[in-house]
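Peer 1: The structure is given below, and queries will be raised subsequently.
The values are calculated or read from the model by the stated rules, or taken from the named source; none is laboratory data. As the structure is a computational prediction, the values presented were derived from the model and not from experiment. Every residue, glycine as well, gets a Cβ built from its backbone with ideal geometry; the counts of neighbours run over all protein chains shown. Ligands, DNA and RNA are excluded from the accessible area calculation, which covers all protein heavy atoms including side chains. Shrake-Rupley method; radii C 1.70, N 1.55, O 1.52, S 1.80 Å.
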Amino acid sequence: MAAQEVEDIFADILDRAKALDPASVRRWFDNLTVIQLSGGLLDVGCPDEATAQFLRDNCKGNFTRAAQQITGRLVTVEFNIVPADDNGRRFRRNAVGPKLHPDYTFDNFVVGPSNRLGHASCVAVSHSLGDTYNPLFLYGSSGLGKTHLLHAVCHEVKQRYEYAVIQFLSCEDFVNRFIRAIETGNLAGFQSQFRSVDALVIDDVQFLREREQSQEEFFHNFNALYNNGKQIILSADSPPGKIPSLEERLISRFSWGLVARIDPPSYETRVAIVQKKAHIRGVSISDEIAEYIAHKVQANIRELEGALTTLCALAATTGRPITLELAQIALEGQIESSARHINITDIIDVVTRHFDVRLTDLQSKRRSHSITLPRQICMYLARSLTKHSLEEIGGHLGGRDHTTVMHACSKIEDAKHSDPQMNILLVELTEQITKIPARHISNH
Ligand code: ADP
Ligand code: MG
């Protein structure tokens, strides 16, 4: 095949993949290149490891389907880094850096009064590892950008310090690895892995609460790194002194450097965030719509982004332009759910009617797909639309335990992102549950 022909086919595949899952589309998709398209292999060239990893995690299925639909053949898709670009930028091919989200950069972070200190301290630290604030401790409620900032620091450090070794992980991962190291008798390996880094970045350290042994290990790692002038960056949902049963000596060490609080964003910041997020997706929305969304979703930026995702998915799957009216339809369910008291039985009614199954089926032990799917959707909707605990939700659906409910919720959440049909189904069911007329959606 001629090179131009390959480029053209790849452009078609890209368009198809975008259409298959509009929610995962990013502007940088246009920077992807084709390295190879032959022998049943499509090798997609990515500018960096973060992008490649994002695509592997979120888009492999859609790219594979798109490639097969366009070429009419079985195709395996791989995402790899293009070794060097035209500007002569070099990539460390063998570096096993942390798994970073390509969108979570400083450029994509909107700064406002609520997060100015957190942002500035992260920038400062990434420009001068170990020399400014050490440790840097960020805290704030869920969904306010802590994880985003930690990723941004790692992106920046990777750019600035080509050979810096960064260890970035969630505290839960840290604890699990520690436990595994003990079980397999490889504590020395674990310790050398953590003590030989230039920057240790740990997200959600509140996970250490009531884990005495892990706190002990954390303390020793902290000291080893700190004494060697290595950078430590931590995040949590509360300040060090408010993390339940955190040892005094850790509280004191966590407070040695800078403790920066992140607050819920102001209205102006929320508007700017919605616009930024739309821009990243390559979608243009009017000020009026951004203002509407910012007005409706106030407490949590993750939910703000979720509202935009729903709106984009709704527009893409129904083929309608993004208008204020569509935004109202997309968001109504969300607003109503907090305003109105929704019963788990309302949810079960709507879901059983939609799938034509009986409640007793959902409560039974049956595990065929035709039963598990509606059961899992019920759990997911109950989790997102009511205040019931995981245990209570499990109780309504045949006495299932909380881990089963949690698993169902994350499965449907994943499907919502990877499968536009699922996203639309969830919007429709939510509309029915919240009693907002579905005709708005179906008459496209
Ligand atoms: P946390 O770790 O505090 O729970 P995250 O970092 O996961 O929150 O943020 C949730 C979502 O909100 C992410 O998609 C993130 O990109 C976005 N977000 C948070 N703050 C900002 C901001 N100031 N600008 C742009 N996006 C933001
Ligand atoms: Mg987080």
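Peer 1: Against the definition (out of contact with any strand residue (DSSP E or B) (no Cβ under 8 Å at 6 or more places or on another chain), within 16 Å of ligand 2 (Cβ to nearest atom), open to solvent by less than 70 Å² (accessible area, probe 1.4 Å) and touching a residue at least 40 places away in the same chain (Cβ under 8 Å)), how does Leu250 come out, yes or no? Spell out how you get there, then give the answer.
Peer 2: Details: out of contact with any strand residue (DSSP E or B) (no Cβ under 8 Å at 6 or more places or on another chain): yes; within 16 Å of ligand 2 (Cβ to nearest atom): no; open to solvent by less than 70 Å² (accessible area, probe 1.4 Å): yes; touching a residue at least 40 places away in the same chain (Cβ under 8 Å): yes.
So Leu250 fails the test.
Peer 1: Taking the conditions exactly as written (more than 23 Å from Ser418 (Cβ to Cβ), within 11 Å of ligand 1 (Cβ to nearest atom) and in a loop (DSSP other than H, G, I, E, B)), does Pro264 satisfy them or not?
Peer 2: Yes.
Peer 1: Can I ask one more? Pull up region 132-176, narrow it to residues that are away from ligand 1 (no atom under 16 Å from the Cβ) and basic (Lys, Arg), then point me to the one that is farthest from the chain's Cα centre (by Cα).
Peer 2: Among residues in region 132-176 that are away from ligand 1 (no atom under 16 Å from the Cβ) and basic (Lys, Arg), the one farthest from the chain's Cα centre (by Cα) is Arg160.
Peer 1: Step by step: first the residues of region 204-252, then only those that are among the basic types (Lys, Arg) and closer than 19 Å to Leu169 by Cβ, then the one that is farthest from ligand 1 (Cβ to nearest atom). Which residue is that?
Peer 2: So, considering only residues that are among the basic types (Lys, Arg) and closer than 19 Å to Leu169 by Cβ, the one farthest from ligand 1 (Cβ to nearest atom) is Lys230.
Peer 1: Hey, another quick one. Among the residues of region 312-324, write down those that are buried (at least 18 other Cβ atoms within 10 Å of the Cβ) and at pLDDT 90 or above.
Peer 2: Ile322
Peer 1: Here are some conditions: (1) under 23 Å from the mean Cα position of the chain (by Cα); (2) in a helix (DSSP H, G or I); (3) not basic (Lys, Arg). Ile251 meets all but one. Which one does it not meet?
Peer 2: Condition (1) is where Ile251 drops out.
Peer 1: Considering only residues that are within 11 Å of ligand 1 (Cβ to nearest atom) and open to solvent by 10 Å² or more (accessible area, probe 1.4 Å), look in region 115-131 and name the one that is nearest to Gly257 (Cα to Cα).
Peer 2: His119
Peer 1: Taking region 132-189 on its own, how many of its residues are in a helix (DSSP H, G or I), open to solvent by 60 Å² or more (accessible area, probe 1.4 Å), within 16 Å of ligand 2 (Cβ to nearest atom) and of a type outside the set (Asp, Glu)?
Peer 2: Of the residues in that region, 0 qualify.
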